[in-house]
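The values are calculated or read from the model by the stated rules, or taken from the named source; none is laboratory data. Only a predicted model underlies this, so the values are computations on that prediction, with no experimental measurement involved. A quick note on method: Cβ atoms are made from the backbone with ideal geometry, for glycine too, and the neighbour counts reach across all protein chains shown.
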Amino acid sequence: MSAQDLRAILPELITVLVALASLFIRRRSQQLALVGLLLASASLPFLPRGPAFSGTVEVDGFALVFQALFLAMALLVTLGSEAEVVLPAERPRGKKEYYTLLLFATAGMLAVASAADLIVLFISFELSSLATYALVGYTKGDERSVEAATKFFIIGALSSAIALYGISLLYGVTGTTALRTLAQAREAQRPELALAFKAGMVLVLAGFGFKITAVPFHLWAPDTYEGAPAPVTALLATGSKKMGFAALLKIFLVGLMAFRADWAWLLGLLAFVTMTVGNLLALNQTSVKRLLAYSSIAQAGYILMAFPVATAYGLAGGLFHAITHSLMTAGAFLIVAAIAAGGRGEDLSAYQGLARRQPFLALALMIFLLSLAGVPPLAGFQSKFVLFSSAVEAGLKGPSWLIWLAAAGALNSALSLYYYARVIKAMYFEGPTPAFQATSADPHPERLVPHGGLFVAVVLAFALVILLGLYPAPLLQWLLEAARSLF
Amino acid sequence: MLSWLLLVPLVGSLIVWAVRDERTMRLVALAFAFGPFALATALAFLLDPGRAGYQFLEQQTWIPAIGISYKVGLDGISLPMVWLTTLLTFLVFLYSRDSRTRSYFALFLLLEFALLGVFVALDLFLFYVFWELVLVPMYLLIHGWGGPRRAYAAIKFFVYTFSASVIMLVGIMALYFGAGAHSFDLERIAAGAPQTSQLFQVLVFAALFLGFVVKMPQVPFHTWLPDAHVEAPTGGSALLAGVLLKMGSYGLIRVALPLLPEGARFFGPIMLVMGILSILYGALVCLAQQDLKRLVAYSSISHMGVVLLGIALLSQAGLASAIFMMFAHGLISPLLFMATGAIQHGAGTREIAQLGGLALRAPQAGFILTAGALASLGLPGMAQFPAEFGVFLAAYLGVGLWVLVPILTIVLTAGYYLWALERSIFGKLSPIAEQAQDVRAYEFWPMIALVALIILFGLWPGPWLGAINAAVLNNVLPGLGLGGTP
């Protein structure tokens, strides 16, 4: 281990150190977390490119994209995690643990992004997962939160075991856990080992597929998303889910690229089923949080399209959509957190007349939802455009079913517009319900504005969604370069 | 200059939103609606109809990594649509004086911005962005200021047309990669796309056609239209019928035909049958309507059928007449929607059966409705006559005596209009008509302006037709591999 090695994991080191420090420093834990995350972000441009720790860690363009995304999401979530949002009165002193856990979760994500070895990848993945289990159950007094955490933990532990078993099969066949070596492994071509190798691939896919809420591994997601405190939900749907993508992209597009013919159809099918089922189940949800949970499942289906496409352009599309989806979803869940903190709950009826009570929050939520549906010229449209067009390109050159996958994605976007529009309709065209009128006697009917940090986080996400929609060129250029570093 | 044309309504939309005082807001909105109209009128005089290609070109790279640029230009096909959009927005602003909020005017200006963008975009990506952007303000307008079933109509309009256009988007992506240009620039794709294989062209044409035909809309993709039209506020209906429907036929002429000639030839007969079916179906359904606004809505399907018929012939005369028909219908249907809106305003109902004898109490309303109906049934001397005449003449040259089928529908059209007029504004005075008020002055003058324009372009279609013919000859027919024979 040299100083060069340590420099390669500088962002991870900073987050872990700040996480530990915040356990001992009693006050201002939120500000401390923010400073730590900003420091980690500032270190990104100075990381030495290339392998470190004897090739188990590798900082490349791909890793940097994901690290930047994870840090940005952790920043947004930290900003949005005002004490009142996540911590009801019964745990006034629990603030610092919350931010410590959040930082540990982030450190795990960062390490997944730069891992170049299956074992490092798995351990980092678990570090992040364990922290998120605790975060989901953080509001101990709330039954839904505890139930959500239990469900999340049991399914998460099972999935990890499956993924680990898959990794052990891959190792058993090829004798290596390094992704670059795995890519050149000849043993997998031997017929007597082919079955074990394929089983390993499928098990890895299933194990990590849980994290990205790919159907049929999605069953935990709606309940967990609904029960967790809203900022934690935002972290699950953005950072944590994208960590799953980072892991799968590394394993399949680097380690298993040579066996593309074996898995392309499987991931294509997974993409199709995930987007369709997610959208269909979202149609009838009455809780906005659940609606967003299912929408987030559907969006994972779109990102999955990048796997069977497997070109640099397609991967750039996948990364782009991972980024825009994170921004839109984080923004939307933080608004949900704000409404819930105002004491109105998460039901669709709580959003009736929001345009009059909170014009900015309503406008921002409308923009996030339209962007999720892919209405131009918002960020979600641009990223879907790159993603779908990469599928069309790959379909014109190779297997033509990819064009149908793009068409299915496009039609799914139209389908999703229906339930997004339901929320817009409630906010803009439906009057306040009697329930609301009763609470409006409350001396502080709008307790939303004082959450300064949350407001800032929403404004940031809102501005980025519009900006990336109007001028995506620099980001897209960066992502294309990052994607080429993998191929 | 074209960027200014786009910028004025966009900026206007934001400013109108910010103005709190209602009187000031109204004046500001009017000023921002007049600006583009004045600009478009100037453009109409500055456009040189004889020049090939596009004029007032502006280009700026936008997303270089995938060959997307902001490129706008104008020719004799887009100019009438641009002028129409600015004219109708201005007239609608004059017309909607009562009880409208600043969001209403702001959304209208946003809608104008998006519509103008569709007609001047020369980059397919930009075209698509504007195309979809149209949906958002229209959805909010229908939902915010519409009739009793507005929630259903608005969401149906939004999801129905969005579904069709995402398929169109896949077609556009295929064009991008298939034509080998790796650019969304219309002119650069036009250089490569016509050489692609017939199968590719037919499939891509099918994807584009779906997006366009749903917008027009033609049978059997028309079901969103009656709902949206009937529930939309009058101003919304006027722009919906006057301009939004034309986006479909415009897209066919601008994008699908010149880029995919083999696809166009394959789909020619299908478009022909679809157009004739829509003409017939729209007219027959009109006969059964009880609601004046619904009647006007269905008549739009019938008249857009004439447009599709003209396009389907793939000849210069057919295309030029179809474009003129788009323009004429763009003047006449907003007039009819405004007239029904004014009648609803004055009499409280649009039910044909309850309106008998309205002309006795409201002579101005009667006059306008009659003028609109006569124009819409193709009376010589009014704008739609030369258009329909041209389409049917071209159809005779193209398909021979089959042209009698659509021509006979004119009789039906005359029938349903005259019958509706007889029952609603003539005849015995009904109790409701007795109480009715006549058209208000602020509603009257915008409509009179439209009547005057309809007569002007009916008597003197020459200049527009000259520009349209030249643009068809230069910008559409070469792609189709046809010479300039009429």
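Results for (1) within 14 Å of chain A (Cβ to nearest Cβ); (2) under 18 Å from B:GLY462 (Cβ atoms); (3) touching a His at 6+ places or on another chain (Cβ under 8 Å), shown as yes or no for each residue.
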site	(1), (2), (3)
B:ALA44	no, yes, no
B:GLY50	no, yes, no
B:TYR54	no, no, no
B:THR61	yes, no, no
B:LEU74	no, no, no
B:LEU79	no, yes, no
B:THR85	no, no, no
B:THR89	no, no, no
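Out of the stretch B:225-242, which residues are closer than 25 Å to B:VAL82 by Cβ and either hydroxyl-bearing (Ser, Thr, Tyr) or surrounded by fewer than 24 Cβ atoms within 10 Å (Cβ to Cβ) (or both)?
Result: B:PRO233, B:THR234, B:SER237.
Since B:PRO217 meets every condition but one in (1) away from chain A (no Cβ under 12 Å); (2) over 25 Å from A:PRO472 (Cβ atoms); (3) not in a loop (DSSP other than H, G, I, E, B), which condition does it not meet?
(3)
Can you find a residue that is assigned to a helix (DSSP H, G or I), over 29 Å from B:TYR250 (Cβ atoms) and touching a residue at least 40 places away in the same chain (Cβ under 8 Å) anywhere in the stretch B:403-418?
yes
If B:GLU422 satisfies every condition in (1) over 24 Å from B:GLN316 (Cα atoms); (2) at pLDDT 85 or above; (3) touching a Leu at 6+ places or on another chain (Cβ under 8 Å) but one, which is the exception?
Result: B:GLU422 passes all but (3).
Is it true that some residue in the stretch B:392-401 is at pLDDT 90 or above and under 30 Å from B:ARG97 (Cβ atoms)?
There is no residue in the stretch B:392-401 that is at pLDDT 90 or above and under 30 Å from B:ARG97 (Cβ atoms).
Quick test of your reading of the structure: B:LEU141 fulfils all but one of (1) more than 10 Å from every other protein chain (Cβ to nearest Cβ); (2) surrounded by fewer than 22 Cβ atoms within 10 Å (Cβ to Cβ); (3) touching a residue at least 12 places away in the same chain (Cβ under 8 Å); (4) not basic (Lys, Arg). Name the failing condition by number.
The single condition B:LEU141 does not satisfy is (2).
Name the residue, out of B:PHE158, B:PHE105, that is of a type in the set (Phe, Trp, Tyr), facing another protein chain (nearest Cβ under 9 Å), crowded, with 24+ Cβ neighbours inside 10 Å and assigned to a helix (DSSP H, G or I).
B:PHE158
Among the residues that make up the stretch B:227-234, is at least one of them under 15 Å from the mean Cα position of the chain (by Cα) and either of a type outside the set (Val, Ile, Thr) or farther than 28 Å from A:TYR428 by Cβ (or both)?
Checked the stretch B:227-234: at least one residue is under 15 Å from the mean Cα position of the chain (by Cα) and either of a type outside the set (Val, Ile, Thr) or farther than 28 Å from A:TYR428 by Cβ (or both).
Might you let me know whether the stretch A:281-298 holds any residue that is in a helix (DSSP H, G or I) and free of Cβ contacts under 8 Å to residues at least 60 places away in the same chain?
yes
Okay, residues lined up against (1) of a type in the set (Asp, Glu); (2) within 30 Å of B:ARG265 (Cα to Cα); (3) in contact (Cβ under 8 Å) with a residue 12 or more places away in the chain; (4) out of contact with any His (no Cβ under 8 Å at 6 or more places or on another chain):
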site	(1), (2), (3), (4)
B:SER300	no, yes, yes, no
B:ALA312	no, yes, yes, yes
B:LEU335	no, no, yes, yes
B:LEU355	no, no, yes, yes
B:LEU360	no, no, yes, yes
B:ALA375	no, no, yes, yes
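If the requirement is being free of Cβ contacts under 8 Å to residues at least 60 places away in the same chain, closer than 27 Å to A:GLY244 by Cα and more than 14 Å from chain B (Cβ to nearest Cβ), which of these qualifies: A:ALA337, A:ALA332, A:ALA322?
None of the other options fit; the residue is A:ALA332.
(1) under 19 Å from A:VAL232 (Cβ atoms); (2) in a loop (DSSP other than H, G, I, E, B): which one isn't true of A:LEU135, the others all being true?
Among (1) under 19 Å from A:VAL232 (Cβ atoms); (2) in a loop (DSSP other than H, G, I, E, B), A:LEU135 violates only (2).
Which one is surrounded by the most Cβ atoms within 10 Å (Cβ to Cβ) among residues in the stretch B:115-126 that are within 16 Å of the chain's Cα centre (by Cα) and not small (Gly, Ala, Ser)?
The residue in question is B:LEU115.
Considering each residue of the stretch B:454-464, count those that are at pLDDT below 90, part of a helix (DSSP H, G or I) and surrounded by fewer than 21 Cβ atoms within 10 Å (Cβ to Cβ), and give that number.
Selection size over the stretch B:454-464: 2.
If the requirement is being within 12 Å of chain B (Cβ to nearest Cβ) and either surrounded by fewer than 24 Cβ atoms within 10 Å (Cβ to Cβ) or among the aliphatic types (A, V, I, L, M) (or both), which of these qualifies: A:LEU370, A:LEU315?
None of the other options fit; the residue is A:LEU370.
I'm trying to understand the selection: among the residues of the stretch A:183-232, which are in contact with a Lys or Arg (Cβ under 8 Å, 6 or more places away or on another chain) and at negative phi?
A:LYS211, A:ILE212, A:TRP220, A:PRO222, A:ASP223, A:THR224, A:TYR225, A:GLU226, A:GLY227, A:ALA230
Any idea which of (1) within 18 Å of B:VAL118 (Cβ to Cβ); (2) in a loop (DSSP other than H, G, I, E, B); (3) among the aromatic types (Phe, Trp, Tyr) is the one B:PHE212 doesn't satisfy?
(2)
Which condition from (1) polar (S, T, N, Q); (2) in contact with a Leu (Cβ under 7 Å, 6 or more places away or on another chain); (3) buried (at least 24 other Cβ atoms within 10 Å of the Cβ); (4) modelled with pLDDT under 95 is the one that B:THR85 breaks?
Only one criterion is unmet by B:THR85, namely (4).
Please verify whether A:GLU12 is crowded, with 18+ Cβ neighbours inside 10 Å and not in a helix (DSSP H, G or I), treating the condition exactly as stated.
No.
Which condition from (1) facing chain A (nearest Cβ under 7 Å); (2) closer than 20 Å to B:LEU245 by Cβ; (3) not polar (S, T, N, Q) is the one that B:MET168 breaks?
(1)
Mind counting the residues in the stretch A:383-402 that are within 21 Å of the chain's Cα centre (by Cα) and within 8 Å of chain B (Cβ to nearest Cβ)?
Adding up the residues that qualify gives 3.
Would you say A:LYS198 is of a type in the set (Lys, Arg) and assigned to a loop (DSSP other than H, G, I, E, B)?
Considered against the rule, which asks whether it is of a type in the set (Lys, Arg) and assigned to a loop (DSSP other than H, G, I, E, B), A:LYS198 comes out as no.
Among the residues of the stretch A:358-387 satisfying the criterion of being of a type outside the set (Val, Ile, Thr) and not in a helix (DSSP H, G or I), which is nearest to A:GLY342 (Cα to Cα)?
A:GLN358
Please determine whether any residue of the stretch B:79-86 is aliphatic (A, V, I, L, M), in a helix (DSSP H, G or I), free of Cβ contacts under 8 Å to residues at least 60 places away in the same chain and over 30 Å from B:GLU22 (Cα atoms).
So far as the stretch B:79-86 goes, no, none of its residues is aliphatic (A, V, I, L, M), in a helix (DSSP H, G or I), free of Cβ contacts under 8 Å to residues at least 60 places away in the same chain and over 30 Å from B:GLU22 (Cα atoms).
Is there any pair with a first residue in the stretch B:175-188 that is more than 11 Å from chain A (Cβ to nearest Cβ) and surrounded by 18 or more Cβ atoms within 10 Å (Cβ to Cβ) and a second that is in a loop (DSSP other than H, G, I, E, B) and not small (Gly, Ala, Ser) whose Cβ atoms are under 8 Å apart and which are 6 or more apart or on different chains, and what are they?
Listed by first residue and then by second, the contacts come to B:ASP185/B:LEU122; B:LEU186/B:LEU122.
Search the stretch B:108-138 for residues being charged (D, E, K, R) and more than 8 Å from every other protein chain (Cβ to nearest Cβ), and hand back the single one that is farthest from B:VAL11 (Cα to Cα).
Here the residue is B:ASP123.
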